[in-house]
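What follows is a set of notes on a single structure, which appears directly below.
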Amino acid sequence: MKKHLKKFLERLVEGILTLSGAVTSITILLIVIFLFKEGVGLFNSPSIEKGYGLYTHSDNQIDDLEVSEIKDIFDLNISNWKAFGGKDEEIYLFRFNEIFKLYTDAELGENYTLIPEKLEEIILENPNIIAYLPIRYAPEEKAGIKMLPEKNITLTDFFGGEEWIPTTTPAPLFGVIPLVTGTLLVSFFAILIALPLGLGVAIYLSELANDKTRKIMKPTIELLAGIPSVVYGFFGLVVLVPIVQNAFNLSVGETAFTGSLVLAIMALPTIITVAEDSMRSTPRAMREASLALGATHWQTIYKVVIPYSASGISAAVVLGIGRAIGETMAVLMVTGNAALIPTSLFDPVRTIPATIAAELGEAPVGGTHYQALFLLGCILFILTLIISLVVELISKKQVNNGL
Amino acid sequence: MKNRILSYSKLIGFLIIGMSFTGCSPSSEEEAGATPSSTSITIKGSDTTLPISQKVAEQYMKDNSGETIIVTGGGSGVGISSLMSGTTDIAQSSRKIKFDEVEKIRDSGKSIEEVVVAYDAMAVVVHPDNAVNELTREQLEGIFTGKIQNWNELGGEDLKIIPYSRETSSGTYEFFKESVLLDRNYVNGIMSMPATGAIIQSVNQTKGAIGYVGLAYLNKDVKAIHVSYDGENFVEPTIENAKNNTYPIVRPLYFYHEKDTNEKLDQFIQYTLSPAGQKLIEEIGFITVN
C-alpha cells in the first residue's frame, strides 16, 4: 500500500515537472510568435499616418513623394516645387488645423459637415498647395483635386532609412540604421571591456585568491548583480558623464562610450559569478593530475581548468552579452538618445531597447508606431540569437580542442 | 514501443493542457467602456502634471477617507492612449488632445470632456555660467531645429550648442514643438532625455547645454532665459509674469475624462478646481485657473 502511494506521488511530481517544462517552453514560443506577428504587419501599413492623405491640385504634375521628401517639405527645408521636377513655384503648405483658424465653428457646419466644401475651395484657389487632411473630411477627388496615392512602408524605408522620427506628421520616418548601429556600437565596446575583465576576475577568484579574500569579494560581487538598472543609470548620469566629459575634453559627456562603461559595469557581476562557479567545479583530481605531470599552476589553469569549464564560461559570456545588449533604463539615461548614425565612439547614440522603453507607452495599440517598435524587438531578438549561437559554436570548438 | 507511445501521449496531453492555459488570455481590448475599478480613481499621463495630481490626490484622500486615487506618470501620450483603451479614468495631459485622437475615441463610441486644471509656464534653461541671458522665439527655433549651432552666433562664447529635449511621448515635447518651433521638427539627433529631472541634471553638467522644463522644476542648478516672442520685451519666467500674460510660453494643463462619469470622479474634479485645490496647485509652482 505504502509502496503504491510512494510511486503515485513520484509520478505526480514527475507529471507536474513535465507540465511546467512544457508550459514554459510553450510560453516562450508564444512570446516570440507574438513579437513577430505584431511587427511584420508594419509593411502593410500606409506610409502616411492612417486615416490621412496628401492632397494637391490636379494641375500639379508631381505624383509620387518619398517619406523623406515629405518631411523636408513640411519642415520648410524645400519650398519650391521645382526641386521635384515641377513648376518653379513656391509650395503652399496647408495643415488640417488651419481650417479652424480660417473659419469659425458655425461656418463649418454642425458636426463639421461643411469642411469638405471649404477645403475644396481652398485647394482649387491655390494650385501650388499641398494639404495634409484627414480622409474623412477631405473633398472628393474630381476635376482640380488629386490625392497622392497611398503607399505602404517599404523594406528599404525601414531597414535602409537613416532617420527615426516616429511621431512627425504627415509621414513618420522609421529608419532603423541609426538604432541598430547605436546598439551594436555600445554593446560591442561594453563586451570588449567586460569580457576580459570579468574572466580575469573569475580566474583570480577561483584559482589565485586566498580563502579570506574570496569570502569577502564573492558576496560583494553577487550583491552588485542585484542592483536595479535605474540606479546604475542614475550613477552613470551623475558620476560617469562628468568624468568622461572632463577626461576627454568633450562638449557633452553623454556618449556611446559612457553607455559602454555603464553596461560593462552591469554585465561584470553576471559574468564573474557564473564563470567563477563553473571554474571552481573543476574536480580536484584533474587539477592534481595536471600538477603531478609537471605543469605549472598557470599551465594548469590554461590547459585544464578553462577547457573543462568551457560550457560554463560560454554560459557566462552569453548571459553577460544578453545583459549588455538588452539593458534599457541605464542606457536611456547616459547615452543621450540622439537618433544619429554614430561616427565615433564619443557621439551620443540611441539603442534599440532604450527606444522601445521610451516610446512603447504612447504608441497607440495596433498603430504603425507600435508595429515598428515590435519589429525593432524582433531585430533585437535575432541579434541576440545570432550572438548566442556564435558563442555556443566557439565554445564547442574549444571543448573539442581541449580534449 | 509501448513505453514510447505512453510517453508521447503524456507529452501531448500536457501540451494540450498547457495550450489551454495560454488560450484563455484576457481580452481587455474588447471590453470597451469597462472602467478600471468602481471604487478607486485612476489618473495616468503627463509627468508635468504629476506633482499637481499627487498633491491634490493626497489631500483629497486625507479629507475623504475611504477614497483611493492612483496616480501614474509616463507622458501625456501614455495617458491619452490609456484613456482610449479604457485603462484609466482621467488622462492628465500637458498638451491639447490631437484631432485624430479625438476621432479615434469617438469611433469607439465614447466622448471626451476636457477640463483645464492649471497653467504652466515653460522655462528655457541653460548652464548657470552661460553668458547669454535673452533669446527671441526665432533664435530658440534656430537652436532647436539645428540651424544655429554655436553660442557665439548669439553673443556668447565660442561653444557648441547642445540642445536637450524630452522624449516623444511627452506633452512638454509636443507643446514646445507647436509653440516655439511652429510645428517644425527638432534637429535630427537631438539629445532626448526621459524625464525633466534628467534634463536639469544634464544642463547643469554641460556648459553648452540648453533645454526646456516646466516652471515648477526650475531650481538654482540652472539658469532661466528671458524669452521674447515679439523681439522687444524679454520676460523672465515667473509665476507673476505668467499670470499677467507677459511671459509668452504658457500652456494649460488638462484633465481628460469620459463624458458620462460617476459621482466620485465629478467630486474629485470639482475639488481640484475649488479654491482649496487651486491653493495646493499654487503652492507647487503652477498657475491657478482664473
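Quick one: pull the percentage of alpha-carbon pairs in the range A:195-276 with a separation above 18 Å. Counting every Cα pair in the range A:195-276, those more than 18 Å apart make up 50 percent. Taken one residue at a time, the phi angles of the range B:172-181 give Karplus couplings (6.51, -1.76, 1.60, θ = phi - 60°) of 4, 4, 5, 5, 4, 4, 6, 7, 8, 8 Hz. Gly and Pro are set to x. Here the relative contact order of chain A, from alpha carbon pairs under 8 Å that lie six or more residues apart, stands at 19 percent.
Using the Cβ-Cβ distance between A:LEU224 and A:GLU392 with R0 set to 30 Å, the FRET efficiency from 1/(1 + (r/R0)^6) comes to roughly 0.65. Taking every Cα-Cα distance in the range B:129-283 and sorting them into 10 Å bins from zero, the calculated P(r) comes out as 9, 34, 34, 15, 7, 1 percent. Both numbers refer to the Cα atoms of the range B:205-290; Rg and Dmax are 16.7, 52 Å. The H on the amide N of B:MET191, modeled in the peptide plane, is under 5 Å from the matching H of B:SER165, each at least 5 residues off or on a different chain.
Value of Rg to Rh for the range A:40-124, rounded to two decimals, is 1.02; Kirkwood radius and Rg both from alpha-carbon coordinates.
Residue by residue, the range A:316-330 carries 3J(HN,Hα) couplings of 4, 4, 4, 5, x, 5, x, 5, 5, 6, x, 5, 10, 4, 4 Hz when phi is fed to the Karplus relation 6.51 cos²θ - 1.76 cosθ + 1.60 (θ = phi - 60°); x denotes Gly or Pro. A simple spin-label model places the labels of B:THR87 and A:LEU293 6.0 nm from each other, with each point 7 Å out along Cα-to-Cβ. When Rg and the Kirkwood Rh are both derived from Cα coordinates, the Rg/Rh ratio for the range A:302-341 amounts to 1.28.
The fraction of all Cα pairs in the range B:155-212 landing in successive 10 Å bins from 0 to the largest distance is 22, 52, 24, 1, given as whole percents.
Kirkwood's formula applied to the C-alpha pairs of the range A:154-301 gives a hydrodynamic radius of 18.8 angstrom. Against chain B, whose longest principal axis is taken from its Cα atoms, helix B:76-85 shows a tilt of about 30°. Modelled label positions at B:ILE70 and B:VAL102, each set 7 Å beyond Cα in the direction of Cβ, lie 3.0 nm from each other.
Relative to the longest principal axis of the Cα atoms of chain B, the long axis of helix B:50-63 lies at roughly 60 degrees. In the range A:93-139, Cα pairs under 8 Å separated by at least six residues give a relative contact order of 52 percent.
Once the Cβ-Cβ distance of A:ASP88 and A:PHE43 is raised to the sixth power relative to R0 = 30 Å, the FRET efficiency obtained is 0.25. Per residue of chain B, the DSSP helices (runs of n ≥ 4 H) give a summed -39500 (n - 2.57) that works out to -11000 deg cm²/dmol at 222 nm.
Taking the convex hull of the alpha carbon positions in the range A:257-366 and averaging its projected area over all directions gives 9.9 nm². Taking amide H as placed 1.01 Å from N in the peptide plane, A:ASN80 has its amide H under 5 Å from the amide H of A:ILE91, each at least 5 places away in sequence or on another chain. Each label was represented as a point 7 Å from its Cα along the Cα-to-Cβ direction; for A:ILE382 and A:GLU10 these points are 4.8 nm apart. With one equal scatterer per alpha carbon and no solvent term, the Debye-computed log10 I(q)/I(0) for the range A:314-403 at 0.11, 0.17, 0.22, 0.25 1/Å reads -0.43, -0.84, -1.11, -1.22. The helix-only estimate of mean residue ellipticity at 222 nm for chain A, built from DSSP H runs of length n ≥ 4 each weighted as -39500 (n - 2.57), is -18500 deg cm²/dmol after division by the residue total.
Computed over the protein assembly as shown, the convex hull of the alpha-carbon atoms projects to a mean area of 42.9 nm². Ignoring lysines fewer than eight residues from A:LYS50 along the same chain, the ones with Cα atoms less than 25 angstrom from its Cα are A:LYS37, A:LYS71, A:LYS101, A:LYS118, A:LYS142, A:LYS146, A:LYS151, B:LYS96, B:LYS98, B:LYS104, B:LYS110, B:LYS177. Would you mind getting me the FRET efficiency between B:GLU283 and B:VAL116? Use the beta-carbon distance for r and R0 = 22 Å, nearest 0.05. Once the sixth-power term is evaluated, E becomes 0.75.
Normalised by the number of residues in chain B, the average gap of Cα pairs under 8 Å and 6 or more apart makes the relative contact order 24 percent.
Ignoring solvent entirely, what values of log10 I(q)/I(0) come out of the Debye formula for chain A at 0.08, 0.12, 0.15 Å⁻¹ when each Cα is a single scatterer? At q = 0.08, 0.12, 0.15 Å⁻¹ the computed log10 ratios are -0.64, -1.05, -1.31. 3J(HN,Hα) couplings calculated from phi for the range A:156-167 with the Karplus curve 6.51 cos²θ - 1.76 cosθ + 1.60 (θ = phi - 60°) are, in sequence order, 5, 4, 7, 7, x, x, 10, 10, 10, 10, x, 10 Hz; Gly and Pro show x. Ordered from longest to shortest, the equivalent ellipsoid semi-axes for the range A:1-156 are 59, 21, 11 Å, each the square root of 5 times a Cα gyration tensor eigenvalue. A Stokes-Einstein calculation at 25 °C with viscosity 0.890 mPa s, built on the Kirkwood radius of the range A:100-227 over Cα pairs, returns a diffusion coefficient of 115 µm²/s.
Against chain B, whose longest principal axis comes from its Cα atoms, helix B:2-23 is set at around 50 degrees.
Summarising the amide proton neighbourhood of A:ILE145: residues at separation of 5 or more, or on other chains, whose placed amide H is nearer than 5 Å comprise A:SER58.
Convex hull volume per residue, computed on the Cα atoms of chain B, equals 196 Å³.
FYI, it's all coordinate maths here, none of it is from the lab. Please read all numbers here as calculations on a predicted model, not as lab measurements. Here the Cβ is made from the backbone with ideal geometry for all residues, glycine too, and neighbour counts use every protein chain on show.
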